[in-house]
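*Asks:* This is the structure, below, for whatever I ask next.
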Amino acid sequence: MTLHTLASGSEGNCLLVSCGTTRLLVDAGISLRRIKTALAQLGLTVDQLSGILLTHSHSDHVAALKTLVKHHTVPIYASFDTARSLCQRVAGLAPLLRTVERSAVFALGECRVTVFPTSHDAPGSVDYRIDGAAGSIGILTDTGYVTQRAAEVLEGVELLVLESNHDPEWLRSGPYPYPLKQRILGEQGHLSNEDAAHFAAQMAHCGTRQIVLAHLSRENNTPARALETVQRHMAAENLSHVRVTVAPRSELSEAYQTEGCVCRK
């Protein structure tokens, strides 16, 4: 299995998981033009996608949909509440939607997709674990804290995309208005660098081999700050052998590949 991030951060989120001939886009929060350009660099087109998995309805995760549904017929998977919200905003979306429960497991091509709820200020927000014959990839972003269900589903995942949104002190002393600061810091907001560090170590003790830090705030974080915080914590836990990287904000990432060990409870 291979993972590429196409964009990651408050200005747009989109990633591609490839498993044999199955290719899944997770979120579409950048322009369709940018998605097509990134896919073309990988020798792919939008019409070769097996499906699009949506995490929630915020614009930095769904920006491409209005244009995409006019020109392509890729199936789009979302929770009921996310689907209902988007149908009110995106004409022509309904025929492509496949609604899923917030705690569900289903087959999609060569993959098994596990859906689990997150704690975010968007109705029906979810994230995903994707398992295939060649490994397992988990995604946990846009959540105010790590829910018990998320920890259970992601245990043993080989490669984890993990939100490391902000440094709390930088956020508190920064230019954001007070209500926005409270939203980000709250239980329906975003994971901090320290939150990410603690969960990264927990997952590494369960067998996770690669961690990609994602959804970094441009104003309240830097790649260097996020990486230093997580790596410091990992070193204190004798986990320096686990590879930790940061997803680029606005360009195609390197290829992150699993090694074929699927660890399931």
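*Asks:* For the stretch 132-148, give me each residue that is open to solvent by 10 Å² or more (accessible area, probe 1.4 Å), polar (S, T, N, Q) and without any contact (Cβ under 8 Å) to a residue 60 or more places away in the chain.
*Replies:* Scanning the stretch 132-148 gives 147, 148.
*Asks:* Mind checking which residues of the stretch 184-235 are charged (D, E, K, R) and in a helix (DSSP H, G or I)?
*Replies:* Of everything in the stretch 184-235, those that are charged (D, E, K, R) and in a helix (DSSP H, G or I) turn out to be 194, 195, 225, 228, 232.
*Asks:* Under 18 Å from residue 2 (Cα atoms), among the small types (Gly, Ala, Ser) and out of contact with any Phe, Trp or Tyr (no Cβ under 8 Å at 6 or more places or on another chain): which single residue out of 135, 92, 144 fits that description? Quick ask: steps written out before the conclusion?
*Replies:* Details: 92 fails: under 18 Å from residue 2 (Cα atoms); 144 fails: under 18 Å from residue 2 (Cα atoms).
Result: 135 is the single residue among 135, 92, 144 that is under 18 Å from residue 2 (Cα atoms), among the small types (Gly, Ala, Ser) and out of contact with any Phe, Trp or Tyr (no Cβ under 8 Å at 6 or more places or on another chain).
*Asks:* While we're here: Could we say that residue 242 is among the β-branched types (Val, Ile, Thr), more than 22 Å from residue 60 (Cβ to Cβ) and over 17 Å from the mean Cα position of the chain (by Cα) here? Spell out the reasoning first.
*Replies:* On the way: among the β-branched types (Val, Ile, Thr): yes; more than 22 Å from residue 60 (Cβ to Cβ): yes; over 17 Å from the mean Cα position of the chain (by Cα): yes.
It is true that residue 242 is among the β-branched types (Val, Ile, Thr), more than 22 Å from residue 60 (Cβ to Cβ) and over 17 Å from the mean Cα position of the chain (by Cα).
*Asks:* Is it true that residue 79 is closer than 26 Å to residue 117 by Cα, among the hydroxyl-bearing types (Ser, Thr, Tyr) and open to solvent by 60 Å² or more (accessible area, probe 1.4 Å)? Step through it out loud before you land on a result.
*Replies:* On the way: closer than 26 Å to residue 117 by Cα: yes; among the hydroxyl-bearing types (Ser, Thr, Tyr): yes; open to solvent by 60 Å² or more (accessible area, probe 1.4 Å): no.
The answer is no for residue 79.
*Asks:* Anything in the stretch 195-215 that is farther than 14 Å from residue 244 by Cα and in contact with a His (Cβ under 8 Å, 6 or more places away or on another chain)? List them, or say none.
*Replies:* Once the filter is applied, which keeps residues that are farther than 14 Å from residue 244 by Cα and in contact with a His (Cβ under 8 Å, 6 or more places away or on another chain), the stretch 195-215 yields only 215.
*Asks:* Let me ask something else. Looking only at the stretch 157-169, decide whether some residue is touching a strand residue (DSSP E or B) at 6+ places or on another chain (Cβ under 7 Å), hydrophobic (A, V, I, L, M, F, W, C) and either free of Cβ contacts under 8 Å to residues at least 24 places away in the same chain or in a loop (DSSP other than H, G, I, E, B) (or both).
*Replies:* Looking through the stretch 157-169, at least one residue is touching a strand residue (DSSP E or B) at 6+ places or on another chain (Cβ under 7 Å), hydrophobic (A, V, I, L, M, F, W, C) and either free of Cβ contacts under 8 Å to residues at least 24 places away in the same chain or in a loop (DSSP other than H, G, I, E, B) (or both).
*Asks:* Now for a separate question. Given the residues 129, 84, 98, 112, which is the only one that is surrounded by fewer than 19 Cβ atoms within 10 Å (Cβ to Cβ), under 21 Å from residue 4 (Cβ atoms) and modelled with pLDDT of 95 or more? First the steps, then the outcome.
*Replies:* Numbers: 129 fails: surrounded by fewer than 19 Cβ atoms within 10 Å (Cβ to Cβ); 84 fails: under 21 Å from residue 4 (Cβ atoms); 98 fails: under 21 Å from residue 4 (Cβ atoms).
Just one listed residue meets the conditions, 112.
*Asks:* Sticking with this structure for a sec: Taking residue 65, is it out of contact with any His (no Cβ under 9 Å at 6 or more places or on another chain), in contact (Cβ under 8 Å) with a residue 60 or more places away in the chain and open to solvent by less than 40 Å² (accessible area, probe 1.4 Å)?
*Replies:* Details: out of contact with any His (no Cβ under 9 Å at 6 or more places or on another chain): yes; in contact (Cβ under 8 Å) with a residue 60 or more places away in the chain: no; open to solvent by less than 40 Å² (accessible area, probe 1.4 Å): yes.
So residue 65 fails the test.
*Asks:* Now for a separate question. Right, residue 71: within 18 Å of residue 13 (Cα to Cα), open to solvent by 30 Å² or more (accessible area, probe 1.4 Å), out of contact with any strand residue (DSSP E or B) (no Cβ under 8 Å at 6 or more places or on another chain) and at pLDDT 95 or above or not?
*Replies:* Numbers: within 18 Å of residue 13 (Cα to Cα): no; open to solvent by 30 Å² or more (accessible area, probe 1.4 Å): yes; out of contact with any strand residue (DSSP E or B) (no Cβ under 8 Å at 6 or more places or on another chain): yes; at pLDDT 95 or above: yes.
So residue 71 fails the test.
*Asks:* Which of the numbered conditions does residue 189 fail, given that it passes all the others? Conditions: (1) open to solvent by less than 10 Å² (accessible area, probe 1.4 Å); (2) at pLDDT below 95.
*Replies:* If we test residue 189 against (1) open to solvent by less than 10 Å² (accessible area, probe 1.4 Å); (2) at pLDDT below 95, just (2) comes out false.
Residues checked against (1) surrounded by 22 or more Cβ atoms within 10 Å (Cβ to Cβ); (2) under 20 Å from the mean Cα position of the chain (by Cα); (3) free of Cβ contacts under 8 Å to residues at least 40 places away in the same chain:
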site: 172; (1), (2), (3): no, no, yes
site: 175; (1), (2), (3): no, no, no
site: 183; (1), (2), (3): no, yes, no
site: 194; (1), (2), (3): no, yes, yes
site: 199; (1), (2), (3): yes, yes, no
site: 205; (1), (2), (3): no, no, yes
site: 208; (1), (2), (3): yes, yes, no
site: 212; (1), (2), (3): yes, yes, no
site: 215; (1), (2), (3): yes, yes, no
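*Asks:* As an exercise: evaluate residue 119 against (1) of a type in the set (Gly, Ala, Ser); (2) within 20 Å of residue 6 (Cβ to Cβ); (3) within 15 Å of the chain's Cα centre (by Cα) and give the number of the one condition it does not meet.
*Replies:* (2)
*Asks:* Is there a residue in the stretch 24-32 that is out of contact with any strand residue (DSSP E or B) (no Cβ under 9 Å at 6 or more places or on another chain), open to solvent by 20 Å² or more (accessible area, probe 1.4 Å), of a type outside the set (Asp, Glu) and more than 20 Å from residue 135 (Cβ to Cβ)?
*Replies:* From the stretch 24-32, those out of contact with any strand residue (DSSP E or B) (no Cβ under 9 Å at 6 or more places or on another chain) are 31-32; that's our starting set.
Filter once more, keeping what is open to solvent by 20 Å² or more (accessible area, probe 1.4 Å): 31.
If we keep only those that are of a type outside the set (Asp, Glu) as well, we get 31.
Subsequent filtering for residues that are more than 20 Å from residue 135 (Cβ to Cβ) retains 31.
Yes, because at least one residue in the stretch 24-32 is out of contact with any strand residue (DSSP E or B) (no Cβ under 9 Å at 6 or more places or on another chain), open to solvent by 20 Å² or more (accessible area, probe 1.4 Å), of a type outside the set (Asp, Glu) and more than 20 Å from residue 135 (Cβ to Cβ).
The values are calculated or read from the model by the stated rules, or taken from the named source; none is laboratory data. Every value quoted in this text rests on a predicted model; they were computed, and no experiment measured them. Virtual Cβ from ideal backbone geometry, glycine too; neighbours counted across all protein chains shown. Calculation scope for accessible area: heavy atoms of the full protein, side chains included, ligands and nucleic acids excluded. Shrake-Rupley method; radii C 1.70, N 1.55, O 1.52, S 1.80 Å.
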